[in-house]
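Rule-based calculations on the coordinates, nothing more; no lab input. Worth saying up front: this structure is predicted, and the values here are computed from it rather than measured. For neighbour counting, all protein chains shown are included, and Cβ atoms are generated from backbone atoms with ideal geometry for every residue, glycine included.
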Amino acid sequence: MNHRAVWAIYKVEMARTLRTIMQSVISPVISTSLYFVVFGAAIGSRITEVNGVSYGAFIVPGLIMLTLLTQSISNASFGIYFPKFVGTIFELLSAPVSYLEVVIAYVGAAATKSIGIGLIILATASLFVELHIQHPFWMLGFLVLTAVTFSLFGFIIGIWANGFEQLQLIPLLVVTPLTFLGGSFYSIDMLPGVWRTISLFNPVVYLVSGFRWAFFGHGDVSVEISLAITLGFLAVCIGVVAWIFKTGYRLRT
């Protein structure tokens with residue numbers, strides 16, 4: 001393992017965050033705070049509790065997961081797409097750095113930034129509502145696992161994209177709607193039977209449910225299923241990334 005190469009790429013990606021701190025950190029935190037205020041005020045006045053938890057506290061895991069997914073994908077996809085856009089990807093491919101080291105550096109940096117933003121949002125939410133995390137170890141575990149998984153997914157999108165429009169296509173048209181419909185602001189148990197069944201085909205439901213279980217000790221589906229679905233998606237992403245580097249898909253053209 002070329003630790004210097006990994007650290008060099010990682011440091012460059014983290015430095016880019018500091019140069020764009022308004023867009024990278026402050027903007028998502030403000031947006032999430034507005035979600036919290038608007039949904040907490042508009043819906044919280046009508047729904048006081050969900051499964052014995054105040055509505056304000058109930059939506060905190062969903063808000064963190066919403067930001068975590070979008071930021072992980074955005075950070076990783078832009079991180080690998082920009083070298084393709086400016087042409088420096090060829091220098092990276094010809095350098096004495098293995099594909100594994102490249103993935104670890106880019107995905108590690110994207111996941112680090114997303115986890116940091118998630119923890120900042122958690123600290124911000126604690127100013128609005130009283131939070132008691134029942135399983136802090138599992139909360140951090142789900143946070144890291146989700147960030148790494150969707151950073152890998154974003155890495156795939158960054159390689160696949162041929163332009164900035166494609167770079168935003170999947171996050172805006174697929175991931176964000178699935179997140180809003182994945183129980184971020186409500187429990188799927190509140191839905192009629194047929195819609196609850198349909199919601200179970202949404203993979204984001206399992207991510208939000210597992211993360212919410214770490215906070216309150218209960219979720220819409222069992223934590224074992226949530227963990228299995230997340231690990232399964234991680235395995236798929238790892239397989240796709242391995243195939244991309246093996247075939248050179250959209251890396252050398």
Square roots of 5 times each gyration tensor eigenvalue, C-alpha, the chain, largest first, Å: 34, 19, 16
Could you tally the net charge around G108, taking each other residue with its Cβ under 13 Å from the Cβ of G108, Lys/Arg +1 and Asp/Glu -1? 0
Only Cα pairs within less than 10 Å get springs; with that Gaussian network setup on the chain, which residue of F82, F137, F180 has the largest fluctuation? F137
So if the hydrodynamic radius of the stretch 168-253 is defined as the Kirkwood radius over C-alpha pairs, what does Stokes-Einstein give as its diffusion coefficient at 4 °C and 1.567 mPa s, in µm² per second? 89
Once amide H atoms are placed 1.01 Å from N in the peptide plane, what residues at a sequence separation of 5 or more from V50, or on another chain, have their amide H within under 5 Å of its amide H? Y55
With charges set only on the Cβ (+1 for Lys and Arg, -1 for Asp and Glu), what does the dipole of the chain come to about its Cα centre, in debye to the nearest 20? 620
Rank P171, P61, P192 by mean-square fluctuation in a GNM of the chain with C-alpha springs under 10 angstrom and give only the top-ranked residue. P192
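Based on DSSP loop calls and a cut-off of at most 16 other Cβ atoms within 10 Å, the longest stretch of the chain free of exposed trypsin sites (Lys or Arg not before Pro) is what?
47-249
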In degrees rounded to 10, the 0-90 angle between helix 3-19 Cα long axis and the longest Cα principal axis of the chain is 60
Among residues other than M65 whose Cβ falls under 14 Å from its Cβ, what is the net charge (Lys/Arg +1, Asp/Glu -1)? 0
Work out the charge dipole of the stretch 3-247 with +1 on the Cβ of Lys and Arg and -1 on the Cβ of Asp and Glu about the Cα centre, then indicate which of A111, V221, F245 is farthest towards its positive end. F245
